[in-house]
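Only the coordinates and a few stated rules stand behind these numbers; no lab work does. Computed from a predicted structure; not experimentally measured. Don't worry about glycine lacking a Cβ; one is built from the backbone with ideal geometry, like all the others, and counts go over all protein chains shown.
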Amino acid sequence: MRSCACMAALRQARMDFTSHMTLALEQAHAAAQRGEVPVGAVVTDPQGRVVAAEGNRTRELSDPTAHAEILAIRSACAALGSERLPGYHLWVTLEPCPMCAAAISAARIATLYYGAGDPRMGGVAHGARVFDHPQCHHRPIVYDGIAAAPSRDLLQHFFKARR
Ligand SMILES: [Zn+2]
């Protein structure tokens, strides 16, 4: 294959790509260490800069809505001073649940990258399929299966250890 500027841009994009999911995985690890279900989420701005990185804190905050995605969106919105994040991207280690998918839509997130699919709780490719619903007014571009194996391994080890 010939080398050109596009290839360099693609390589750079792939590096960014990997690094953001790596950070999301680090947040998931940190959540596991706090005794939380290991899910991590990162929000990047239209320039690709990380503006929020969070892990699950439902137990710590006694808050069933304190999923990694919700916390990351809240943090990014607060930093921007806006209820919407147009052109922003969300990276999460696990398929978002219906609540988080609705929040992603409401925040006008441009692109959703997620790791492992979640047949039990997921709301994007499973169950409610929030973005496919006629009432969904904003659908992000969705890329699934990004770093799916390490995301799934984290969850499996976490639940195995607690059994
Ligand atoms: Zn959720």
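Restricting 59, 74 to those that are basic (Lys, Arg) and farther than 16 Å from residue 107 by Cα reduces the list to 59.
Applying the selection to region 62-94, what residues are near the ligand (Cβ under 9 Å from one of its atoms) and not β-branched (Val, Ile, Thr)? Listed by number, the residues that qualify are 67, 68, 69, 94. The criterion of at least 3 residues that are touching a residue at least 60 places away in the same chain (Cβ under 8 Å) and within 26 Å of residue 29 (Cα to Cα) is met by the following strands (runs of 3 or more DSSP E) wholly inside region 81-147: 89-94.
Okay, residues lined up against (1) within 14 Å of the chain's Cα centre (by Cα); (2) within 18 Å of residue 72 (Cα to Cα); (3) not polar (S, T, N, Q):
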position: 105; (1), (2), (3): yes, yes, no
position: 127; (1), (2), (3): no, no, yes
position: 132; (1), (2), (3): no, no, yes
position: 135; (1), (2), (3): no, no, no
position: 140; (1), (2), (3): yes, yes, yes
position: 159; (1), (2), (3): no, no, yes
